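Notes for the one structure printed next.
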Amino acid sequence: MNKVVAGAEEAIKDIPSGATLMLGGFGLCGIPENCISAIVKKGINNLTCISNNAGVDDFGIGLMLQGRQVKKMIASYVGENAEFERQLLSGELEVDLIPQGTLATRCMAAGYGMPAVFLLAGIGTEVAEGKEVRNFNGKDYLLEEAFDADFAIVKAWKGDTMGNLIFKGTARNFSPMMAMAGKITIAEVEHLVPAGELDPNYIHVPGIYVHRIFEGKNYEKRIENRTVRKKI
Amino acid sequence: MALTKEQIARRIAQELQDGFYVNLGIGIPTLVANYIPEGVNVVLQSENGLLGMGPFPFEGEEDADLINAGKQTVTTVPGSAFFDSAMSFGMIRAGKVDLTVLGAMEVADNGDIANWKIPKKLVKGMGGAMDLVAAAKNIIVAMQHTNPKGESKLLPQCTLPLTGIGCIKKVVTDLGVFDITPDGFKCLEYAPGVTIEEIKAKTAGRLVIADDVKEMAV
């Protein structure tokens, strides 16, 4: 078993144009920076991207939008990105906005082998249009289907050569469910260690879900909204 | 005088009870954290995967891997926990979060809320708002009573695309505190210096005044 690849270029080398990708991260927190750069460099296009957000103009998925690589974006919140808004309003970009918990749970369902789940979010709103409704205990729920992604791309804090992953802080967000959901899952990590070095008690994603892993480099970890208080 | 945003937040903070798990939305709701009454211990939930959110970090101590749902750098308090987004919305959906405070563009007198989209103008998305309003047991809306054009945001029915239906229980605005009842908005308190006449004039939805209506203590 060899899951370790040299770097982002090798990890993403067989992603074709037209693929459906899941990309971990919340805003710019915990995004797979190395793989995004490699995808931008490779220039593949017609991609469907499932990610909570669409980055900012010059970072994250925003870089893929600049290169017109994204055909369809499935996200819960896409503010903070003027190029995104331009492409959306001009009709160049298809966008499916879905509730954040629904997004997370549709990823989770895929990773747990469940074809669909019943969720309350969006009942009575335009999100419910065209969806099957079932009543349980007097309440209506929407049938929401599991996502089907060709590749899931996530960034973790630590990983080992078996593909086990540990995340840090709120950089965990969507990445565990996405890692579990991808047909092929690529993990870039800040620290790659030999099998046996990570305590099995603290693994967030077991390696069975991870197909390729590498230690990323030059992480910028850009902060979207720096808020501080003064020391008194 | 209509309340400032800080005063709205301070009034909502009086609704917090010891032991509550609370989710605070972006904007005025975030400010509620600054006015938690003494002796009341609450745990703040941030839907991007944190229970036990603390204040902003000191300058120089920001951590890119530690943000809130508004993407602001934050800290943790002792006893905090991180988790993934599925679990985060799982605890919201399962009713574990005691109180949700969020902003709104419009609230209807039947408890409907619209706060995510202005067709052809604002298409940023709903984020976690639809999940929160659909599931939370107890939701308070914090908002201005009127929009910048002076039009009422408390309506007979929402004109903007809905975020959730029949889910809002209480609204705190710069003019007063309102419960949502079968009779519509029930004014429980008015802001100091604000008259019932002003509230009536600025509320488009059905409005009843509580028999024991009183001036807000802020």
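The values are calculated or read from the model by the stated rules, or taken from the named source; none is laboratory data. Everything quoted here is computed from the prediction, not taken from an experiment. Positions of Cβ are backbone-derived with ideal geometry, glycine not excepted, and every protein chain shown enters the neighbour counts.
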Is it fair to say residue B:164 is under 24 Å from residue B:25 (Cβ atoms) and not polar (S, T, N, Q)?
yes
Considering only the stretch B:149-215, give the strands (runs of 3 or more DSSP E) lying wholly within it that have at least 1 residues that are buried (at least 21 other Cβ atoms within 10 Å of the Cβ) and over 15 Å from the mean Cα position of the chain (by Cα).
B:184-190
Go through (1) in contact with a Leu (Cβ under 9 Å, 6 or more places away or on another chain); (2) of a type in the set (A, V, I, L, M); (3) more than 9 Å from residue A:24 (Cβ to Cβ) one by one and return the number of the condition residue A:156 breaks.
(3)
Failed condition for residue A:149, given (1) more than 8 Å from chain B (Cβ to nearest Cβ); (2) of a type outside the set (Phe, Trp, Tyr); (3) closer than 19 Å to residue B:50 by Cα; (4) crowded, with 24+ Cβ neighbours inside 10 Å
(3)
Report yes if residue A:202 is farther than 30 Å from residue A:18 by Cα, at pLDDT 95 or above, touching a Leu at 6+ places or on another chain (Cβ under 6 Å) and of a type in the set (Phe, Trp, Tyr), otherwise no.
no
What strands (runs of 3 or more DSSP E), lying completely within the stretch A:133-217, carry at least 2 residues that are closer than 16 Å to residue A:1 by Cβ and in contact (Cβ under 8 Å) with a residue 24 or more places away in the chain?
A:151-160, A:184-193, A:212-215
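Tell me, please, whether a residue that is away from chain B (no Cβ under 14 Å), among the β-branched types (Val, Ile, Thr) and within 13 Å of residue A:22 (Cβ to Cβ) can be found in the stretch A:168-184.
Here is the first cut: in the stretch A:168-184, the ones away from chain B (no Cβ under 14 Å) are A:182-184.
Filter again for among the β-branched types (Val, Ile, Thr), leaving A:184.
Those still in the list that are within 13 Å of residue A:22 (Cβ to Cβ) too: A:184.
Within the stretch A:168-184, one or more residues are away from chain B (no Cβ under 14 Å), among the β-branched types (Val, Ile, Thr) and within 13 Å of residue A:22 (Cβ to Cβ).
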Hey, residue A:104 hits all of (1) over 24 Å from residue B:95 (Cβ atoms); (2) facing chain B (nearest Cβ under 8 Å) but one; which does it fall short on?
(1)
Output for Cβ contacts, cut-off 6 Å, separation at least six or different chains, first residue under 18 Å from residue B:206 (Cα atoms) in the stretch B:145-163, second of a type in the set (Val, Ile, Thr) and assigned to a loop (DSSP other than H, G, I, E, B), reads B:145/B:173; B:152/B:203; B:154/B:203
Answer residue from the stretch B:83-101, given it is assigned to a strand (DSSP E or B) and away from chain A (no Cβ under 13 Å) and is nearest to residue B:143 (Cα to Cα) among those:
B:101
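Which is over 14 Å from the mean Cα position of the chain (by Cα), at pLDDT below 95 and within 13 Å of chain A (Cβ to nearest Cβ), of B:120, B:137?
Every option except B:120 fails the conditions.
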What's the total number of residues in the stretch A:112-132 that are outside any loop (DSSP other than H, G, I, E, B) and out of contact with any strand residue (DSSP E or B) (no Cβ under 7 Å at 6 or more places or on another chain)?
2
Of the residues in the stretch B:48-82, those that are facing chain A (nearest Cβ under 7 Å), under 22 Å from residue A:154 (Cβ atoms) and part of a loop (DSSP other than H, G, I, E, B) number 7
For the stretch A:187-199, enumerate the residues that are aliphatic (A, V, I, L, M) and either within 10 Å of residue A:155 (Cβ to Cβ) or at pLDDT below 95 (or both).
A:187, A:189
How do the helices (runs of 4 or more DSSP H) wholly within the stretch A:13-111 filter down when requiring 1 or more residues that are at pLDDT 95 or above, among the aliphatic types (A, V, I, L, M) and under 21 Å from residue A:184 (Cβ atoms): which remain?
A:33-42, A:61-66, A:100-111
Report yes if residue B:85 is among the hydroxyl-bearing types (Ser, Thr, Tyr), without any contact (Cβ under 8 Å) to a residue 40 or more places away in the chain and touching a helix residue (DSSP H, G or I) at 6+ places or on another chain (Cβ under 9 Å), otherwise no.
yes
Take the stretch B:83-99 and flag every residue that is under 24 Å from residue A:33 (Cβ atoms) and either surrounded by 23 or more Cβ atoms within 10 Å (Cβ to Cβ) or modelled with pLDDT under 95 (or both).
B:84, B:85, B:86, B:88
